[in-house]
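Engineer: Here it is, the structure in full.
Taken together, the values in this text are just the output of simple stated rules run on the coordinates, not laboratory data. Just so we're clear, the structure is a prediction, and the values are computed from it rather than from any experiment. Neighbour counts are summed over all protein chains in view; Cβ atoms, including those assigned to glycine, are modelled from backbone coordinates with ideal geometry.
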Amino acid sequence: MTATPIAIRTIGVELSANPYPIAIGNGALQHLGEQVLAQGIKAGTKVLVVTNPVVNEHYGAAALASLAAAGFRSSLLVIEAGEDQKTIATVGQIHDAAFAQKLERGSLIVALGGGVVGDMAGFAAASWLRGIAVVQVPTTLLAMVDASIGGKTGVNHPGGKNLIGAFHQPRLVLIDPSTLRTLPEREFRAGMAEVIKYGVIGDAELFRELEAAGERLASMQTLPSELLQSVLERSAAAKALVVAADEREGGLRAILNYGHTLGHVVEALCGYGTYLHGEAVAIGMVAAGELALELGLWSAGDQQRQKAVIAAAGLPLRWPDLDSEAVLECLQGDKKVRDGTVRFVLPTGIGTVEIRSDVSGDQVIAALERCR
């Protein structure tokens, strides 16, 4: 039986070699199979759907049913997917399932879940038979606006976050906002951190919309539906534009790491899982804003506006009690280090940032002390 037609908004990621669409629409998950067919993947193709137990309970059957209705030969793999599970060993489970199901070079992996599932399934697809197709179906706000778009896949290493990975662009990103109804509020708030990031780095109008929403940002239950649609579309479009201009993070794309350099320190030194990724990014944005103040790049008023929106979204602001030497050592393990120098994305105003590599360790620690 054909699923009831719905309105799907499509945003293109216009890469020169492998362009792909981001399809957004309430109820879009019911149309997964036909959307995959539309990308030129033929009926009869073997598909491995990778998800976690919670997402599987809510949406696994719907995804498999849609793929079956479109003629795909699908199987399901359920993995544990907390940040502490984002390891080579878990990717090995996906490889084992790919072997058991005899996935071929023309086969497909579907990542159904949040950013952790998306990163691991994407990396498994990039490395199985030297690369097979992957479709991202994000079910968290953070994954919808950030992790599922752009082809960055990978897992953590004990020395740092996402140090093992590959660029592997999806064939399709399918976003169904209705899946957010089952998302825990803490996870929803964590995703809002990435939305705030887009406002600070390049979309002052979006930032003003977030300011106007106030504490309604903190819950799916209170966020106006029209603002949610705007958030998803504007965030996806912003990410798509930057990725198309700089697919492999050679320059411009680095601005998407605003809040992440110091946020990754929080995650690594506090232990993965203590803070959700978006919570750590929120702390990292406050810290980056304080560092920008230290360097005279933006005003105290702009920093206060950023902190107010982050607080309204129910996100943490304070830098944890971490050893200064450990912080500086952890920063040296960041993926964005060049010739031993850490590059920081720092705000110069609401809607503009710049990349600086002239920041001293003393300046970093001084800024962090003010964030405690």
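Engineer: Calculate the tail of P(r) for the range 130-279: the fraction of all Cα-Cα distances greater than 18 Å, expressed in %.
Structural biologist: Counting every Cα pair in the range 130-279, those more than 18 Å apart make up 59 percent.
Engineer: Here is a follow-up. Classify the range 12-87: rounded, prolate or oblate, from the alpha-carbon gyration tensor (a ≥ b ≥ c, eigenvalue square roots; a/c under 1.5 rounded; otherwise prolate if a/b is larger than b/c)?
Structural biologist: Here the range 12-87 falls in the oblate category.
Engineer: Something else now. Report the Cα centroid-to-centroid distance between the range 246-318 and the range 139-181 in angstrom, as an integer.
Structural biologist: 18
Engineer: I want to verify a result. In a Gaussian network model of the chain, Cα cutoff 10 Å, which of these has the top mean-square fluctuation: Gly27, Gly273, Gly113?
Structural biologist: Its mean-square fluctuation being the largest, the pick is Gly273.
Engineer: Quick one: compute the contact order of the chain, relative version, from alpha carbon pairs under 8 angstrom and 6+ residues apart, as a percent.
Structural biologist: 15
Engineer: Right, another one. Would you work out the charge dipole size for the range 185-369 about its Cα centre, treating the Cβ of every Lys and Arg as +1 and the Cβ of every Asp and Glu as -1, and quote it to the nearest 20 debye?
Structural biologist: About 360 debye.
Engineer: Please sort through the DSSP H helices of the chain and keep those with an alpha-carbon extent of at least 20 Å along the long axis and a Kyte-Doolittle average not below -1.0. Can you show the working numbers first?
Structural biologist: On the way: long enough: 185-202 (26 Å, -0.01); 225-245 (30 Å, 0.82); 277-294 (25 Å, 0.92).
Those that pass (Cα extent of 20 Å or more, hydropathy at least -1.0) are 185-202, 225-245, 277-294.
Engineer: If the chain between Gln363 and Ser16 were fully stretched, how many nm would it gain, using 0.36 nm times the residue separation less the Cα-Cα distance?
Structural biologist: 120.9 nm
Engineer: Which of [x] 19.9, 64; [y] 25.5, 84; [z] 23.7, 72 is the computed Rg and Dmax of the Cα atoms in Å for the structure on display?
Structural biologist: Checked against the structure: label [x].
Engineer: Quick one: what do you get for the range 185-369 if you divide its Cα Rg by 2.2 N^0.38 Å?
Structural biologist: On the way: Rg = 15.6 Å, N = 185, 2.2 N^0.38 = 16.0 Å.
For the range 185-369, the normalised Cα radius of gyration comes out at 0.97.
Engineer: Pulled fully out, how much extra length does the chain show between Ala68 and Leu129, if you take 0.36 nm times their separation in residues and subtract their Cα-Cα distance?
Structural biologist: Values: separation 61, 0.36 × 61 = 21.96 nm, distance 2.43 nm.
The Ala68-Leu129 span can extend by a further 19.5 nm.
Engineer: May I ask you to compute the full-extension gain from Glu205 to Arg181, defined as 0.36 nm times their residue separation minus their alpha-carbon distance, rounded to one decimal in nm?
Structural biologist: Extra length available between Glu205 and Arg181 comes to 6.0 nm.
Engineer: How big is D, in µm² s⁻¹, for the range 9-181 by Stokes-Einstein at 10 °C and 1.306 mPa s if Rh is the Kirkwood radius over C-alpha pairs? Walk me through the intermediate numbers first.
Structural biologist: Numbers: Rh = 15.6 Å.
After rounding, the answer is 102 µm²/s.
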